[in-house]
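Before any comments, here is the structure.
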Amino acid sequence: MLRTSFARSALAFFLLTGVAFGQASHPARSGSPRSKPASHSATPRAVKPKPQASPKPKGPQITYTRVDVDGPYVAITFDDGPHKTLTPKLLDLLASRGIKATFFVLGERVVQDPAVARQIVTQGHEIADHSWSHPNLGKMSDANVQGQLERSRAAILKATGVSPKVFRPPYGSFSERQRRWAHEKFGYLTILWDVDPLDWKRPGPSVVAERILSKAHHGSIILVHDIHSQSIDAMPKVLDTLLSRGYRFVTVSELIRLGQTHPRKTPVPTTASPTGTPTGAPTTPTATPAATPVRVLPALPVHPADPAAPGASPTVAPAIPVAPPVSTP
């Protein structure tokens, strides 16, 4: 009995001393994590910032919707021709007013009416590429797009002796990657527009004219189609009114060059004013002093003649004095 009691006491002693030893060697865990050793310095270690990638330099501008230019210049452009009868009628309207325009032609129409295409060039207008058959290029494969542009370019060159320098995609559908490709492959600048009268819907000549006149301003690129009679009928009012406001018509390529040599320091807003006079258009003073000087616009360069445009001279056209703008009804 005594031995049993002694054994139990010894076992209890060893159990108690073992627990105490374990608590001393391994402190009890709490809900908070184990403390880390103190650092040698109270100041936190600075984290070295990752090197920032230098921004890629911007390349040359290859797409134009309008041009910021110092002066009342606009480019009027005509799409989808040439038309056998309407385009010559339009050319007469332009010639009688001394206006130069840009014609974005379809290759298949150039093949049908090469004489009209040649007339565009010989009268000093710019001829430009608008594809072979007017498809939606943005939805086509690269191979098919290349076929469209190669065929239209070849047709224009054969009919006129001129290789186009600017291009307008049908419907304006052309991705940024396609624009870069067209620039690298053909040297094309992609030309869009900022004034669109939606004349292809045939709203009537007066509506076409008012839509153009309410939106045109410095550096505008105006879109019209020379395959609709209503569009041609609207041109006398459009051309005469813009001329009376002091605007000067140039080709798209001339407008781009003027934007480079005579840039406008403050871009012109693209919205029309409530009165219908476009914001940024030359305004008419309420009272013009008798001694107001005549404004002289910078001369435009005349480039060497193409084989299909005999008679042009590689000289510089004289500066054209422009009287102060007059009001229109």
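Tabulated results
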| quantity | calculated |
| --- | --- |
| Among the candidates D226, D194, residue that is acidic (D, E), touching a Ser or Thr at 6+ places or on another chain (Cβ under 9 Å), more than 16 Å from D80 (Cβ to Cβ) and in contact (Cβ under 8 Å) with a residue 40 or more places away in the chain | D194 |
| Given (1) in contact with a helix residue (DSSP H, G or I) (Cβ under 9 Å, 6 or more places away or on another chain); (2) under 28 Å from D92 (Cα atoms); (3) not in a loop (DSSP other than H, G, I, E, B); (4) not hydroxyl-bearing (S, T, Y), number of the condition P164 does not satisfy | (3) |
| Residue list for the range 136-187, restricted to those being more than 19 Å from V110 (Cβ to Cβ) and among the β-branched types (V, I, T) | none |
| Scope the range 114-148; condition touching a residue at least 40 places away in the same chain (Cβ under 8 Å) and either within 16 Å of G161 (Cβ to Cβ) or assigned to a strand (DSSP E or B) (or both); matching residues | P114, A117, R118, I120, V121, T122, G124, H125, E126, A128, D129 |
| Residue count for the range 58-113, restricted to those that are among the hydroxyl-bearing types (S, T, Y), within 21 Å of G172 (Cα to Cα) and in a loop (DSSP other than H, G, I, E, B) | 1 |
| Failed item in (1) in contact (Cβ under 8 Å) with a residue 60 or more places away in the chain; (2) in a helix (DSSP H, G or I); (3) touching a strand residue (DSSP E or B) at 6+ places or on another chain (Cβ under 9 Å), with I212 passing the rest | (1) |
| Residues (part of a helix (DSSP H, G or I), under 14 Å from L90 (Cβ atoms) and β-branched (V, I, T)) located in the range 215-243 | I232, V238 |
| Residues of the range 167-196 satisfying the condition of being in a helix (DSSP H, G or I) and among the charged types (D, E, K, R) | E176, R177, R179, R180, E184, K185 |
| Subset of the range 91-112 (residues that are under 18 Å from I212 (Cβ atoms) and buried (at least 23 other Cβ atoms within 10 Å of the Cβ)) | A101, T102, F103, F104 |
| Scan of the range 237-276 for residues that are under 21 Å from T77 (Cα atoms), modelled with pLDDT under 95 and hydroxyl-bearing (S, T, Y), ordered by number | T270, T271 |
| Selection status of T102, touching a Pro at 6+ places or on another chain (Cβ under 8 Å) and touching a residue at least 12 places away in the same chain (Cβ under 8 Å) | no |
| Hits in the range 103-129 (condition: closer than 14 Å to A154 by Cβ and under 20 Å from the mean Cα position of the chain (by Cα)) | V105, I127, D129 |
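The values are calculated or read from the model by the stated rules, or taken from the named source; none is laboratory data. In this text the structure is predicted, and so the values were computed from the model without any measurement. Backbone-built Cβ (ideal geometry, glycine too); neighbour counts: all protein chains shown.
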